[in-house]
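Below is one structure, written out as structure tokens, with a few remarks after it.
The values are calculated or read from the model by the stated rules, or taken from the named source; none is laboratory data. Predicted model only: the values in this text are computed from it and were never measured. We place every Cβ from the backbone using ideal geometry, glycine too, and count neighbours over all the protein chains shown.
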């Protein structure tokens, strides 16, 4: 995996240590964390730990969340892309060892279609380049925007489950259904 992609309006590239300021801005924002357990980070060291975790995903699994850059401004707007959830520690909804699609953007970039645009690209990568069989997605049931994006990009609602006392919607898209919808 090259870990560099472009869409009409976005550049998706590896997260770098030099992204620490904007990663801190993103993950310390209370609005961003509203549906993520309301636990924003407090220190830049925590942002650096997140960057190291993502970079380790690249080395270990060949995928990981990607810094998402708005082409027109050159601004880091957040991250998006695939993540491999390994083992019991990263299990969701009782499922281990799976790929999920996700996105997290600074609030000033919400509602502009960037999550949909970047996710369409990453689904194409997942199914056409990486030959992944199934991609999953999850969103707090009250996070209307994320639930809309997951449905819009073609993921199918499977069920609701509880995670850390929060109600979460669980979605999936199988490669054969993606290919059927593409043709």
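See the values below:
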read-out: Residue in segment 3-17 that is in a loop (DSSP other than H, G, I, E, B), at pLDDT below 95, touching a helix residue (DSSP H, G or I) at 6+ places or on another chain (Cβ under 9 Å) and over 30 Å from residue 160 (Cα atoms) present; value: yes
read-out: Qualifying position, being farther than 16 Å from residue 96 by Cβ, in a helix (DSSP H, G or I) and without any contact (Cβ under 8 Å) to a residue 24 or more places away in the chain, among 128, 160; value: 128
read-out: Test set (1) assigned to a helix (DSSP H, G or I); (2) touching a residue at least 24 places away in the same chain (Cβ under 8 Å); (3) within 19 Å of residue 3 (Cα to Cα) - residue 145 fails condition number; value: (3)
read-out: Single match in 99, 105, 76 (criterion: farther than 23 Å from residue 8 by Cα, surrounded by 15 or more Cβ atoms within 10 Å (Cβ to Cβ), in contact with a helix residue (DSSP H, G or I) (Cβ under 8 Å, 6 or more places away or on another chain) and at pLDDT 95 or above); value: 99
read-out: Given (1) touching a strand residue (DSSP E or B) at 6+ places or on another chain (Cβ under 7 Å); (2) in a helix (DSSP H, G or I); (3) surrounded by fewer than 20 Cβ atoms within 10 Å (Cβ to Cβ), index of the condition residue 120 fails; value: (1)
read-out: Test result for residue 114, farther than 21 Å from residue 56 by Cα and free of Cβ contacts under 8 Å to residues at least 12 places away in the same chain; value: no
read-out: Filter result for residue 67 (on the phi < 0 side of the Ramachandran plot, touching a helix residue (DSSP H, G or I) at 6+ places or on another chain (Cβ under 6 Å) and part of a helix (DSSP H, G or I)); value: no
read-out: Answer residue from segment 163-179, given it is within 22 Å of residue 126 (Cβ to Cβ) and touching a residue at least 40 places away in the same chain (Cβ under 8 Å) and is farthest from the chain's Cα centre (by Cα) among those; value: 179
read-out: When residues of segment 65-88 are limited to those that are within 15 Å of residue 125 (Cα to Cα) and touching a residue at least 40 places away in the same chain (Cβ under 8 Å), the one farthest from the chain's Cα centre (by Cα); value: 66
read-out: Options 181, 142; residue that is at pLDDT below 95 and at negative phi; value: 181
